[in-house]
Amino acid sequence: MQFNFSGLRALVTGAGKGIGRDTVKALHASGARVVAVSRTHADLVSLSGECPGVEPVCVDLGDWEATGQALGSVGPVDLLVNNAAVALRQPFLEVTKDFFDRSINVNLRSVMQVSQIVARGMIDRGVPGSIVNISSMLALIPFPNLTSYCCSKGAMTMLTKAMALELGPHKIRVNTVNPTLVMTDMGKGVSADPEFVRKLKERHPLRKFAEVEDVVNSILFLLSDRSASTSGSGIFVDAGYLVT
């Protein structure tokens, strides 16, 4: 499926690595002007080399004040992908305030803040828009040692619905993409046990995890006019896991 985003400006958070990086590259190849947001300067430098014209913004989205300063004058944005996330592993009984707060601040609070900034601009300009929040199948099921992450993604489901309800009258659609495990750097970090990975893969009816490309294709679909009547919903890229 080919997408054409010529004439549109997109903002992608967590753009330095994995799903975010490939989303930037796909949007750039489809004609969009892209603002790439990452906390890692070196990743933005290399991404700008691969995608000339990409606008890099280096900021830690877990910092409310720094984010507001970095993105407060970002300019017109038509498409937003809230992808930035951390997956901090701790058993439930050992979860610390710092780990929990960091998970919520990056995975959830930044979604609200960045979306507020972008949506206000859309409304002021009187233009429609599309926002895609990158969630997880762990919004619906728990994994061991990922309590904080699961909580943040479960809350994202309701945040997405609330955004869709209030932004819908302004012709702004809001949806999620919910992948199973994707073997990005983050995915490898939370699945370091080979035996756990083997058993987990066997529980997927398709006997596979999701590829980055599978997730990116779903993101592009929800950003595009081909999903013009879809809002407050989600696409599960889970290889059938949730049917078991």
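Just so it is clear, none of the values below were taken in a lab; they were calculated from the coordinates. Note that this is a predicted model, so its numbers are computed, not measured. Positions of Cβ are backbone-derived with ideal geometry, glycine not excepted, and every protein chain shown enters the neighbour counts.
A Cβ-based charge dipole, computed about the Cα centre of the stretch 9-243 with Lys and Arg at +1 and Asp and Glu at -1, lands at about 400 debye. Candidates 134, 241, 14 compared by Cα position along the dipole of the stretch 9-243: farthest toward the positive end lies 241, with charges placed on Cβ. Taking a span of 27 Å or more along the helix axis (Cα atoms) and a mean Kyte-Doolittle hydropathy of at least -0.5 as the rule, the DSSP H helices of the chain that qualify are 147-167.
Dividing the summed helix terms, -39500 (n - 2.57) for each DSSP H run of n ≥ 4, by the number of residues in the chain produces a 222 nm estimate of -12500 deg cm²/dmol to the nearest 500. For residue 208, the aspartates and glutamates whose Cα comes closer than 13 Å to its Cα, not counting residues fewer than 8 places off in the same chain, are 238. Mean-square fluctuations from a GNM of the chain, with a 10 angstrom spring cutoff on Cα atoms, peak among 134, 172, 117 at 117. Of interest is the spacing of the C-alpha centroids, which for the stretch 42-79 and the stretch 90-115 amounts to 21 Å. Suppose R0 equals 41 Å; then what is the FRET efficiency for residue 6 and residue 243 from their Cβ-Cβ distance, rounded to the nearest 0.05? After rounding to 0.05, the efficiency reads 0.60. Since only 119, 196, 229 are under comparison, the one whose Cα sits farthest along the positive direction of the charge dipole of the chain, derived from C-beta charges on Lys, Arg, Asp and Glu, is 229. Residues of the stretch 9-35 falling in the label zone of residue 66, defined by backbone nitrogen less than 14 Å from a point 7 Å along Cα to beta-carbon, are 14. Between residue 206 and residue 170, the contour length at 0.36 nm per residue exceeds the alpha carbon distance by 9.0 nm.
Modelled this way, with points 7 Å down the Cα-to-C-beta line, the labels at residue 102 and residue 195 are 2.8 nm from one another. Across the stretch 9-243, the fraction of Cα-Cα pairs farther apart than 28 Å, rounded to a whole number, is 26%.
Distance between the modelled labels on residue 233 and residue 93, one decimal in nanometres: 4.4 nm (7 Å Cα→Cβ projection). Given springs between every Cα pair under 10 Å in a Gaussian network model of the chain, which of 210, 84, 164 has the largest fluctuation? Checking each option, the largest mean-square fluctuation is seen for 210.
Taking trypsin sites (Lys or Arg not before Pro) as exposed when their DSSP state is a loop state and no more than 13 other Cβ atoms lie within 10 Å, the longest site-free interval of the chain runs over 1-202.
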